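Structure first, commentary second.
The values are calculated or read from the model by the stated rules, or taken from the named source; none is laboratory data. Just so we're clear, the structure is a prediction, and the values are computed from it rather than from any experiment. For neighbour counting, all protein chains shown are included, and Cβ atoms are generated from backbone atoms with ideal geometry for every residue, glycine included.
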Amino acid sequence: MVAAEVGIGLRYPVPWDQVERETLEHFQTIVRMDTSSPPGNETLVAEYLKQVLEREGIPARVLALDPKRANLVARIRGNGSKRPILVMGHTDVVGVQREKWSVDPFGALRKDGYIWGRGTGDDKDNVTAGLMLLLLLKRQRVKLDRDVIFLAEAGEEGYNPEGLRYVIANHWEEIDAEYALAEGGSGFMRDGNIYYISVATSEKVRIEVQLIARGTAGHGSIPRPDNAVVRLAGAISRIAAWPQPMRLDETTRTYFQRLAGISPPEAAARFRSLLIPGEQAKVERHFAQHELRHNSMIRTSLSPNVLKAGFRANVIPSEAEALIDIRALPDEDLPKFVECLREVIGDPQIEIKTNSGRPAAPASSLKTEMFAALEAAQKRIYPGSITIPVLLTGATDMSPLRAKGIQAYGIGPVVDSEENGGAHSDDERILEKSLHEFVRFIWHAVLEVAAAK
């Protein structure tokens, strides 16, 4: 299945056949727990994990703002010569529309080489890998230079107050670490071949902007010059036409450099041209039409996603509202950006409200011992592929950790790029083989950075 054990792994041989059976048991058990958020009910998973860990002699604490939405933290202690590493996953999942699933979304069915169910790809795979990591460290009696902390957090979907926000505010000493591993990365497979492993080192910052236009209500047969819908439509049109400049940082430069090395000639030339001043404009135009994710990775984006106005076709509404989803690059000056947005709208009669969630945070470095350990683990578990750092266009709970000074890296199992059963999708599923490889990957990465040499 994977490369032979080498390096530090030779000192701690693992009975992987037995571990795979146990991994499957724990994974299926927690996938079968319906922790859809809302309402969450993550305490079901927290109590199960606590029972499993304490049975092995590993102390575990349940931390809860809401008794039904508990977090769990456990720790394997090292000699303290280095700062801890935090491994975390979230136990809540997004909801399901059962009528759109071909299987029970909470059945954890094994079929066609996959395990099917809500949370299999987001994020009970990371939770299970973190659990197995602690169990193996304890059983193998690994001598550690640093503590290894496991956090199973509640309330990640929506950045709810019961989850990491609560833990950071009230139990920071339980999770303070030098490094963190969480969701956000993955391996990408096509035609049965794994061609790269992504590690998320940065992510965009989400701001929700509410635009409110007001006018005078009236009968639709007598149009008015202060129609709120027309005023709002003008503002949205100006936002849509507002160009955002491209900016690259260490993560995105390295991403395109390394991606060019494994891409077909035409795509490789395009990625390399993006890094050359004077050749970028043509690539940007291509991205805007054909590679939307790449287009978003290199600039702050604005997307009008919700419109609300009126209740009858023959009534002029007195108010119209739009919600704009802004995903800012990590280095964006947010107050200045909002002021520029006001200038672009250019209409003092439109009220602008902003609501931000997770904090802005600097990218995690590519020059740390942790990133090197992830690259080393990739070479062992996924030989023939490469490691590529990535900036996420979405949001995770790594940004609050980065804002507190932790070097956080997003990792995950291999996914088939030609399948449609990824995170949040109907018929969400994970390759069973990928789950087991991921447990080995995280084991080797943590051994490399935490085991006493």
Index of the failed condition, PRO389 passing every other in (1) touching a residue at least 12 places away in the same chain (Cβ under 8 Å); (2) exposed (fewer than 14 other Cβ atoms within 10 Å of the Cβ); (3) not aromatic (Phe, Trp, Tyr): (2)
May I ask you to list the residues in the range 143-193 that are hydroxyl-bearing (Ser, Thr, Tyr), assigned to a strand (DSSP E or B) and farther than 26 Å from PRO59 by Cα? SER186
Residues of the range 259-290 satisfying the condition of being out of contact with any helix residue (DSSP H, G or I) (no Cβ under 6 Å at 6 or more places or on another chain), farther than 19 Å from TYR195 by Cα and free of Cβ contacts under 8 Å to residues at least 24 places away in the same chain: ILE276, PRO277, GLY278, ALA281, LYS282, ARG285, HIS286, GLN289, HIS290
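A quick yes/no check of all residues on (1) among the aliphatic types (A, V, I, L, M); (2) touching a strand residue (DSSP E or B) at 6+ places or on another chain (Cβ under 9 Å); (3) at positive phi:
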position	(1), (2), (3)
MET132	yes, no, no
LEU137	yes, yes, no
LEU181	yes, yes, no
GLY184	no, yes, yes
ARG190	no, yes, no
SER198	no, yes, no
GLY215	no, yes, no
ARG224	no, yes, no
Set ASP325, ASP397: member being closer than 30 Å to ARG214 by Cα, in contact (Cβ under 8 Å) with a residue 24 or more places away in the chain and among the acidic types (Asp, Glu): ASP325
Taking VAL93, is it in contact with a His (Cβ under 8 Å, 6 or more places away or on another chain), in the same structural domain as VAL148 (by TED's automatic domain parsing) and under 22 Å from GLY184 (Cα atoms)? no
If you check GLU250 against the conditions, is it in contact with a strand residue (DSSP E or B) (Cβ under 9 Å, 6 or more places away or on another chain), more than 30 Å from ALA213 (Cβ to Cβ) and at pLDDT 95 or above? yes
What are the residues in the range 343-373 that are touching a strand residue (DSSP E or B) at 6+ places or on another chain (Cβ under 6 Å) and in a helix (DSSP H, G or I), if any? MET370
Residues of the range 206-251 satisfying the condition of being under 26 Å from ALA320 (Cα atoms), of a type in the set (Val, Ile, Thr) and surrounded by 14 or more Cβ atoms within 10 Å (Cβ to Cβ): ILE207, VAL209, ILE212, VAL229, VAL230, ILE236, ILE239
How about the range 221-277: which of its residues are over 30 Å from PRO389 (Cβ atoms), assigned to a helix (DSSP H, G or I) and basic (Lys, Arg)? ARG231, ARG238
